[in-house]
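Below: the structure, in structure tokens.
The values are calculated or read from the model by the stated rules, or taken from the named source; none is laboratory data. Only a predicted model underlies this, so the values are computations on that prediction, with no experimental measurement involved. Methodologically, a virtual Cβ is constructed for each residue, glycine included, from the backbone with ideal geometry; neighbour enumeration extends over all protein chains shown. Each accessible area value is taken on the protein alone, full model and side chains, heavy atoms only, with ligands, DNA and RNA left out. Shrake-Rupley method; radii C 1.70, N 1.55, O 1.52, S 1.80 Å.
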4 protein chains.
Amino acid sequence: MLQDHNIPEEQYTLRRKIYIIIFQSNTGAGRAFDISLIIIILLNIILLILESVEPIAIAFDKIFNILDYFFMVVFTIEYLLRLYCVREAKRYAKSFYGVIDLLAIIPSYAEFFLPNWHMLMVIRSFRLLRVFRIFRMVRFLDESRYMLLSLLRSFNKILVFLFFIILLTVFLGSVMYVLEYEHNPGFHSIPQSIYWAIVTITTVGYGDVAPMTALGKIIASFIMILGYAIIAVPTGIMSASLVRQYKDMDNDDRVCENCDNKNHAEDALFCKNCGEALDTKPAKK
Amino acid sequence: MLQDHNIPEEQYTLRRKIYIIIFQSNTGAGRAFDISLIIIILLNIILLILESVEPIAIAFDKIFNILDYFFMVVFTIEYLLRLYCVREAKRYAKSFYGVIDLLAIIPSYAEFFLPNWHMLMVIRSFRLLRVFRIFRMVRFLDESRYMLLSLLRSFNKILVFLFFIILLTVFLGSVMYVLEYEHNPGFHSIPQSIYWAIVTITTVGYGDVAPMTALGKIIASFIMILGYAIIAVPTGIMSASLVRQYKDMDNDDRVCENCDNKNHAEDALFCKNCGEALDTKPAKK
Amino acid sequence: MLQDHNIPEEQYTLRRKIYIIIFQSNTGAGRAFDISLIIIILLNIILLILESVEPIAIAFDKIFNILDYFFMVVFTIEYLLRLYCVREAKRYAKSFYGVIDLLAIIPSYAEFFLPNWHMLMVIRSFRLLRVFRIFRMVRFLDESRYMLLSLLRSFNKILVFLFFIILLTVFLGSVMYVLEYEHNPGFHSIPQSIYWAIVTITTVGYGDVAPMTALGKIIASFIMILGYAIIAVPTGIMSASLVRQYKDMDNDDRVCENCDNKNHAEDALFCKNCGEALDTKPAKK
Amino acid sequence: MLQDHNIPEEQYTLRRKIYIIIFQSNTGAGRAFDISLIIIILLNIILLILESVEPIAIAFDKIFNILDYFFMVVFTIEYLLRLYCVREAKRYAKSFYGVIDLLAIIPSYAEFFLPNWHMLMVIRSFRLLRVFRIFRMVRFLDESRYMLLSLLRSFNKILVFLFFIILLTVFLGSVMYVLEYEHNPGFHSIPQSIYWAIVTITTVGYGDVAPMTALGKIIASFIMILGYAIIAVPTGIMSASLVRQYKDMDNDDRVCENCDNKNHAEDALFCKNCGEALDTKPAKK
């Protein structure tokens, strides 16, 4: 991530000061900046959501327009300041957060310079790109790193599991298509049947498509029980992965100099096997 | 919680005796009081529920009115007795249970003194506040403390998870809105699409809103599989947290005679804190 | 359970031989009897299910009648044999399986002696009592004891959890009733709203009742996410309980006579700490 | 699986070279073959799915016919090459993958030689047999072996669980049939009620069948809460099984020099099997 540049504090230039406020959060000003930014992003997302509700959009049309311009200006200034204060503007612009920051302001400009496009559906979708600003929130979640780590650790296994689920739904969807499509308009094609199989195996169960033949209902029952049972697989993988991670965090790798005994508790001061004093500072963590 | 005041038993005043009956449950009278109170609260909640069923409410209107007054009087007497017998009435009144006990009787008085309001919708809602009496049941669950502890222990992680789910549904709801809103009246606004995304990702799946376009169904399938897979996250967190808690409970209860340190490993021979030899036979198990 | 009576083998009477065939399964005849009984029970249950499908019931009316009498006779003979061969007929008759065996034949006799009742709805329900025969299958599941043990071990915690869910749904159902009942015929009374809250919090989501007001949808979204998150609680409890049980099964309580070291693997022949030979037969299990 | 035949590399015949390309994946050509095959199978499955969508099937009828023949030829050549290059053609033909490879090409030939059958429904179903080609993908998943192992390890317990679920749904379906069938056309027979019970207990909840009577809704609520709670059982079994498996994998890989025994505890100083001293420093980690 973004590290301290190790310049002595008294030589801080304006650029450096802005850097500390914008990119760091261990000073008062940095924290205030972070909190303001979170509030502004949240307000912007709420604005975007409200603009989609037609009666509200018509009633507050003018206010929404002004607020749109306001957020456009604020996010532009913020983006330019970030570009200005980092050491290598190019590297920031190419980074994950840099791209998201840019994506979040482009649609506003597209609408600003091409106002007659405003009515077009294409642009309407384009505006929604601003929803990407949500992902800027992730930056402020320290805890999320821990959970992402767990997810990545068992990523391979969960990927295999998802691939297996997709194979299964393609197969079961095709079987159900053969059984149902003559009697049931809901199963008019294999993609539709696969969609139904996913709705069923994940236990969502909308009910917009449901089997009608006796054999179809038997297969459907089988798919449901299967979906109900195999949810245990990703859950078990995640549980076991987290139990292991907790255990690793609990472990202490200090070795007693007298008897070579290991596996001491993290708060142990003396070897539990021979009573020899241990190093007071754990070697790990 | 509420502790014994350490007064010699023979000096117990009436106030003290009431206190023991109402607040403690290790005497016969105390247990009888607790059980009676549970039954009265349950009967009151059943009454509230039945009053909402129109045919029953009309048929038993008079009986319901009398029972309403009866419960009002009972809960008022109980509240006043509690205020009377505790050491600091003010502190009880401000405590969690004190506030709930008060909230449970206020609506009855509001109706009693303002009978012509009875017909108004606002008051009808107001009466429902008495449902808060349910939370008084929590007081009688010893086991619940253990589970609340587990929940609180992993509270931070589950909060991050919930926040992540909300970000995800806001994003996916917006995407589905763009894809569906021209072809599907169910996705008429972003809030409605977010509602649909929550219904889908939690695998509830009412089916009152369902995607209709091909692309919408593909994205919906993706959301379902996502919801089906990420349920593993809170489940894994809770499992790992409980496995750890059980392990802590399993730990040895030997106490070092030299430094009073506890929490030694089961196979420890010497105190990990001061190096003093421990009893070779674990006190427990 | 049913134990061997410790009579020398050569003195076995007919009664004793029948006992061994019916109640034990370690002889060839005993196993054959068990398997025949499983097949007969399964056939009887399939018959019961088919009798409820009107077109089938009309087409095969006579065959079904004959089969009904056949199963009646078979189960009666079996019941009488069991009564005859056990030591204390009274104790068997009062046991769990004895009561189920009796409940399984009574309805057939009621219909036999009161044939004009056959058309009555009451008797039709009465006949369904024979579905209780399903529970006789449990007798043949050895593995089920292990899982019941796990369930019972965490019974208290799961009961508290269920009680908590019921309190929550009563509360949330009442809140939704107040919000929705004027705009939505689906929420016409509190019991109906509680039913909806259970459908939602368990992520079943029929969709026969769904919120319509904006505030109702927000509360409903909250209930769904809650239900999605708290499923982690019983799952975590069960996982932790099973992890613990596996661990207990893994442990070996042998102690080295030379160095008092414990915690040896179950298949260890020598102490892992000092190399002293261990007792070859584990003390436990 | 398929092992190396241990022939010196310079003596490799054409047959042997084909064998290495087709059956092994540690050479460049072998990997290229595997990847091409995966792509061809995926394209074939996508073709099959698209053929079921009527508008697409009509528009691209000719292209689809040509592609069908193309895939028929490709898979036939591949099958014949496999038969040719393995040592024992008969053994491959009888193996799991051999049967699937054959099943994947037979339907194309049936259609080719009996073109006038093409219009018949039976053949249409027959063609779907080609979906079995999906299972050929499993061959390329190394990770899947690990997960199948976990599944098989807890197979017995999950089978008992599934059997228990089926007994339960048969029983609860019958009870609901008695309660609902006079007031609710959705519960017209016991099989239909069992179908509803499965839809409900697995928390799928289509809503095509839903209880209408008060008592039916109470029983349904009970079934939902039951389903919501017992999902903890397979999940717990899988979690505990995986935690145990991870623990086994964590174990020390030191081998006793005296008796070749493995699987020692990490803190073991002497071989648990013969008492020989072990290397003090674990080889792993």
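Give me the residue from segment D:206-228 that is within 30 Å of A:Ala240 (Cα to Cα) and buried (at least 22 other Cβ atoms within 10 Å of the Cβ) and, out of that set, farthest from the other protein chains (Cβ to nearest Cβ). Give the steps one after another, and end with the answer.
Restricting attention to segment D:206-228, the residues satisfying the condition of being within 30 Å of A:Ala240 (Cα to Cα) are D:223-228.
From what is left, the residues that are buried (at least 22 other Cβ atoms within 10 Å of the Cβ) are D:223-224, D:227-228.
Values: D:Ile223: 9, D:Met224: 4, D:Gly227: 7, D:Tyr228: 4 Å.
Going through the qualifying residues, I end up with D:Ile223.
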What is the residue count in segment B:58-76 for residues that are assigned to a helix (DSSP H, G or I) and open to solvent by 30 Å² or more (accessible area, probe 1.4 Å)? 12
Could you list, in sequence order, all residues of segment B:41-57 that are surrounded by 17 or more Cβ atoms within 10 Å (Cβ to Cβ) and either within 22 Å of the chain's Cα centre (by Cα) or in a helix (DSSP H, G or I) (or both)? B:Ile41, B:Asn44, B:Ile45, B:Leu47, B:Leu48, B:Ile49, B:Glu51
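Please go through segment D:188-205 and pick out each residue that is in a helix (DSSP H, G or I), of a type in the set (Ser, Thr, Tyr) and facing chain C (nearest Cβ under 9 Å). Even if it seems obvious, please write down each step before you answer.
Narrowing segment D:188-205 to residues in a helix (DSSP H, G or I): D:190-201.
Still in the running and of a type in the set (Ser, Thr, Tyr): D:193, D:195, D:200.
Within segment D:188-205, D:Ser193, D:Thr200 qualify.
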All positions within segment A:166-193 that are hydrophobic (A, V, I, L, M, F, W, C), surrounded by fewer than 24 Cβ atoms within 10 Å (Cβ to Cβ) and in contact with a Gly (Cβ under 9 Å, 6 or more places away or on another chain): A:Leu179
Report every pair of residues separated by at least 6 positions or lying on different chains whose Cβ atoms are under 8 Å apart, first residue within segment C:83-111 and farther than 24 Å from C:Ile45 by Cα, second among the basic types (Lys, Arg) and open to solvent by 40 Å² or more (accessible area, probe 1.4 Å). C:Tyr84/C:Arg15; C:Cys85/C:Arg15
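Considering only residues that are small (Gly, Ala, Ser) and over 17 Å from C:Met224 (Cβ atoms), look in segment B:152-185 and name the one that is farthest from the other protein chains (Cβ to nearest Cβ). Steps first, please.
Filtering segment B:152-185 down to residues small (Gly, Ala, Ser) leaves B:154, B:173-174.
Add one more test, that the residue is over 17 Å from C:Met224 (Cβ atoms), and what stays is B:154, B:174.
On the way: B:Ser154: 8, B:Ser174: 4 Å.
Here the residue is B:Ser154.
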Output the qualifying pairs, or none if there are none: Cβ atoms under 6 angstrom, residues six or more apart or on different chains, first residue in segment C:203-218 and under 27 Å from A:Thr200 (Cβ atoms), second residue charged (D, E, K, R) and open to solvent by 10 Å² or more (accessible area, probe 1.4 Å). C:Gly207/B:Asp208; C:Ala210/B:Asp208; C:Pro211/C:Lys217
